Amino acid sequence: MRKYLVSFFLSLAMLSSAQTVAYQPSPENLKARKDFSNSRFGIFLHWGLYSLFGQGEWYMTNQNIDNREYAKAAQAFYPHRFDAKAWVSAIKEAGARYICFTSRHHEGFSMWNTAQSSYNIMNTPYGKDIIRQLADECHRQDVKLHLYYSHLDWTREDYPVGRTGRGTGRDTGKADWKSYYDFMNRQLTELLTGYGEIGAIWFDGVWDHDGDSIPFDWQLAGQYELIHRLQPACLVGNNHHLTPFEGEDIQIFERDVPGENKAGLSGQAVSRLPLETCQTMNGMWGYKVKDQDYKSVSELIRLLARTSAKGANLLLNIGPQPDGTLPEAALQRLSGMGEWLKCYGPSIYETEAGGVGDGEKVVSTRNGKTLYLHVLNPEVAEISVSLPEKVKTAVDFRSRQKLKFRQKDGQLVIPVTVPENVPDYVLELKLS
Ligand code: GLC
């Protein structure tokens, strides 16, 4: 009896100590967070077998396709025009400072040479490790590589089926959480030990079990701990649409700037972690042959200004095509954004939320005593914002022309004439 009591109290003590040991980010991690925030702009790439079907990355579950039939696409995956250098160069030229690549999406196919599953890129006619090529090129060009990793899987039978992927022909009786969890952790270990520095692991799919009557235990703490042990500077982010969990280093918002919830996935409170908003260039993440509804360069620049003004990064998505190239429409957006950032970069990179403006027509970013006002609506004829700090000078960012302003009782008024065809008219203010 005594023995049992001792072990009972011992396990209680262990439980409570496990709960009280709060995650302490390492100095490398804190530095990586700062670098991440400073970079403000990244490109998301959704690429997997789904690109072959041209229907977006949810095709398999949306159409209830048997996973064995779907997997036949692997035997036709031959992106003969894939060129990691061309991708990374175009992305870098766009002014983006990191790439987030889908290592394994919900379909379950791994884009690297993994020993944990034969369902991977090496077993296609193409037969070359995509992540190896991307990682090498990113390191060469000094662009950070982040890896998206799906928590859910529509193909594996050991994954305990959740809300999605119910019609993909799996034997649900074979679910085995431990086997699946270990599989994920071994894959993450491969990614974090075989490809040099990985800037972040970007998880997605926790919401697959949010309808369960008994809360599903993803054992995230152990997984996050593994990541930080293997690469202390690697940032952990999770697109679970909730306020961040212990062990996460960044907070992700899907399709909305932090604090807004137009798309319906961002009701969660904004935390003090570095923030990131992911958004599509057209409407879909994975390549969708029918979706040519791309946002214009101007819209994307305004989106970048709006996310920066919230102190958040923009992770802008492109769905590469089956042949391995980026869609022409996306390349054109990249080059337009790059051109803009070459001039206006200082009003975006290394800035913080400006805290001034209405969030729509006029937003702001700041860097020390410099405040950047971004006029996003050409019809604005006069900026009138509350600003307690005293303004010393105000200039048109581009022309450096001085602008007249008046400031009284904490209200700043600047008459402006927004030049034509300017996506974002930027004013630079020096504060005292
Ligand atoms: C959603 C989708 C997924 C996509 C992700 C990107 O969670 O399920 O397909 O990869 O958003 O934000």
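Among the residues making up segment 200-230, those that are surrounded by 13 or more Cβ atoms within 10 Å (Cβ to Cβ), over 19 Å from the mean Cα position of the chain (by Cα) and of a type in the set (A, V, I, L, M, F, W, C) are Phe216, Trp218, Ala221, Leu226, Leu230.
Scan segment 261-273 for residues that are more than 16 Å from the ligand (Cβ to nearest atom) and open to solvent by 50 Å² or more (accessible area, probe 1.4 Å) and jot them down.
Here is the first cut: in segment 261-273, the residues more than 16 Å from the ligand (Cβ to nearest atom) are 269-273.
Matches in segment 261-273: Ala269, Val270, Arg272.
Conditions (1) over 26 Å from Gly56 (Cα atoms); (2) more than 16 Å from the ligand (Cβ to nearest atom); (3) in contact (Cβ under 8 Å) with a residue 40 or more places away in the chain; (4) open to solvent by 20 Å² or more (accessible area, probe 1.4 Å), marked per residue:
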{"site": "Met284", "(1), (2), (3), (4)": "no, no, yes, yes"}
{"site": "Arg302", "(1), (2), (3), (4)": "no, yes, yes, yes"}
{"site": "Glu339", "(1), (2), (3), (4)": "yes, yes, no, yes"}
{"site": "Thr351", "(1), (2), (3), (4)": "yes, yes, yes, no"}
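For segment 24-57, residues that are without any contact (Cβ under 8 Å) to a residue 60 or more places away in the chain and within 16 Å of Gly319 (Cα to Cα) total 1.
What number of residues in segment 96-108 are closer than 23 Å to Phe41 by Cβ, open to solvent by less than 10 Å² (accessible area, probe 1.4 Å) and either within 11 Å of the ligand (Cβ to nearest atom) or part of a loop (DSSP other than H, G, I, E, B) (or both)? So that I can check it myself, show each step before the final result.
Residues of segment 96-108 closer than 23 Å to Phe41 by Cβ: 96-103, 105.
Next cut, open to solvent by less than 10 Å² (accessible area, probe 1.4 Å) only: 96, 98-103, 105.
Then keep just the ones that are either within 11 Å of the ligand (Cβ to nearest atom) or part of a loop (DSSP other than H, G, I, E, B) (or both); that gives 96, 100, 102, 105.
So the count comes out to 4.
Within segment 231-260, count every residue that is within 15 Å of the ligand (Cβ to nearest atom) and either open to solvent by 30 Å² or more (accessible area, probe 1.4 Å) or without any contact (Cβ under 8 Å) to a residue 12 or more places away in the chain (or both). So the count comes out to 3.
Residues in segment 199-215 that are in contact (Cβ under 8 Å) with a residue 60 or more places away in the chain and either more than 14 Å from the ligand (Cβ to nearest atom) or more than 22 Å from Leu145 (Cα to Cα) (or both): Gly199 only.
Among the residues making up segment 379-410, those that are in a loop (DSSP other than H, G, I, E, B) and open to solvent by less than 90 Å² (accessible area, probe 1.4 Å) are Val380, Ala381, Leu387, Glu389, Phe397, Ser399, Leu403, Phe405, Gly410. For Ser335, the criteria (1) crowded, with 17+ Cβ neighbours inside 10 Å; (2) closer than 30 Å to Met111 by Cβ; (3) touching a helix residue (DSSP H, G or I) at 6+ places or on another chain (Cβ under 9 Å) hold in every case but one, which is (1). The criterion of being outside any strand (DSSP E or B), open to solvent by less than 90 Å² (accessible area, probe 1.4 Å), touching a residue at least 24 places away in the same chain (Cβ under 8 Å) and β-branched (Val, Ile, Thr) does not hold for Val413.
Just to confirm my filter: which helices (runs of 4 or more DSSP H) fall fully inside segment 40-84 and include at least 1 residues that are touching a Ser or Thr at 6+ places or on another chain (Cβ under 9 Å) and within 16 Å of the ligand (Cβ to nearest atom)?
The helices (runs of 4 or more DSSP H) meeting that bar are 59-62, 67-70.
Taken over segment 109-148, the residue count meeting the criterion of being open to solvent by 10 Å² or more (accessible area, probe 1.4 Å) and either under 18 Å from Lys72 (Cβ atoms) or modelled with pLDDT under 95 (or both) is 9.
The values are calculated or read from the model by the stated rules, or taken from the named source; none is laboratory data. Not measured: the values here are computed from a predicted model. A quick note on method: Cβ atoms are made from the backbone with ideal geometry, for glycine too, and the neighbour counts reach across all protein chains shown. All accessible areas refer to the heavy atoms of the entire protein, side chains included, with ligands and DNA or RNA removed. Shrake-Rupley method; radii C 1.70, N 1.55, O 1.52, S 1.80 Å.
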